[in-house]
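So the structure is just underneath, and the comments pick up after that.
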Amino acid sequence: MPSARQPHDLVRLLTGAERLVLRRLRTVLDRAGCSVDAWRVLSLLSDGEGHRMSAVADCVFLPPPTLTKLVDQLVDQNLVHRRVDPLDRRRILAYLTDGGRALWSRLDREIRDDWSRLPMTVEEDELTESLGRLVSTLEASPARTATGLVL
């Protein structure tokens with residue numbers, strides 16, 4: 001018989017996993033003087049596509065004013081540059097500079113190397129797929145407050 005759903009168990013496990021993954025990431029990122037938030041921005045921009053600042057904020061889980069300050073710092077470090085969107089001149093797109101691409105490549109290699117040393121008992125692709133489905137399900141089914149308002 002399948003076990004009953006226990007949301008508190010899932011929340012505890014997800015929170016614990018996030019904290020441990022971030023702690024492990026920080027060991028690599030700290031050596032390069034890079035924050036987790038900066039690494040998330042670099043990772044997103046590594047596709048070379050150029051991304052609107054609002055999309056970057058959503059993807060890296062930062063409020064727009066905080067993201068703007070972070071991107072300003074990355075611009076000052078010559079890791080990121082901004083361009084006007086040629087399709088909508090009111091929008092700004094963010095891209096990696098050559099230096100940003102080099103830093104991201106080095107960090108990505110070091111993180112992958114560190115991660116590959118973990119003895120995974122669950123297939124990483126399977127875990128990624130399951131977590132992706134969980135996120136999609138939660139996004140499609142908004143929570144309701146005690147007064148019935150949808151969050």
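Using per-residue counts of other Cβ atoms within 10 Å, averaged over each peptide, order 136-142, 16-22 from highest down.
Values: 136-142: 8.9, 16-22: 10.7.
Per-residue mean Cβ counts within 10 Å order the peptides as 16-22, 136-142.
Compute the FRET efficiency between I92 and Q6 as 1/(1 + (r/R0)^6), taking r as their Cβ-Cβ distance and R0 = 41 Å, and round to the nearest 0.05.
On the way: r = 44 Å, r/R0 = 1.08.
Efficiency computed from Cβ-Cβ geometry: 0.40.
Can you tell which of Q73, V135, W104 lies farthest toward the positive end of the dipole of the range 30-151, using +1 and -1 charges on the Cβ of basic and acidic side chains (Lys, Arg; Asp, Glu)?
Toward the positive end, the furthest listed residue is Q73.
Taking only protein heavy atoms and a 1.4 Å probe, what accessible area per residue, in Å², does the chain have with all protein chains in place?
Details: 11090 Å² over 151 residues.
Normalised by residue count, the accessible surface of the chain is 73 Å².
Relative to the compact-globule scaling 2.2 N^0.38 Å, provide the ratio for the alpha-carbon radius of gyration of the range 28-88.
1.09
Could you sort L42, L87 by their accessible area in this structure, using a 1.4 Å probe and putting the largest first? Let's see the in-between values first.
On the way: L42 0, L87 165 Å².
Ranking L42, L87 by accessible area, largest first, yields L87, L42.
For H8, H81, what's the largest-to-smallest order of accessible area, 1.4 Å probe? Don't skip to the answer; put the middle values down first.
On the way: H8 120, H81 55 Å².
Of H8, H81, the descending order of accessible area is H8, H81.
Calculate, for D125 and A102, the FRET efficiency according to 1/(1 + (r/R0)^6) with r their C-beta to C-beta distance and R0 30 Å; round to the nearest 0.05. Don't skip to the end; give the middle numbers.
Details: r = 28 Å, r/R0 = 0.94.
Approximately 0.60, to the nearest 0.05.
The values are calculated or read from the model by the stated rules, or taken from the named source; none is laboratory data. Keep in mind it's a predicted model, so treat the numbers as computed, not measured. We place every Cβ from the backbone using ideal geometry, glycine too, and count neighbours over all the protein chains shown. Quick note on the areas: whole protein, heavy atoms, side chains included, nothing else; ligands and nucleic acids left out. Shrake-Rupley method; radii C 1.70, N 1.55, O 1.52, S 1.80 Å.
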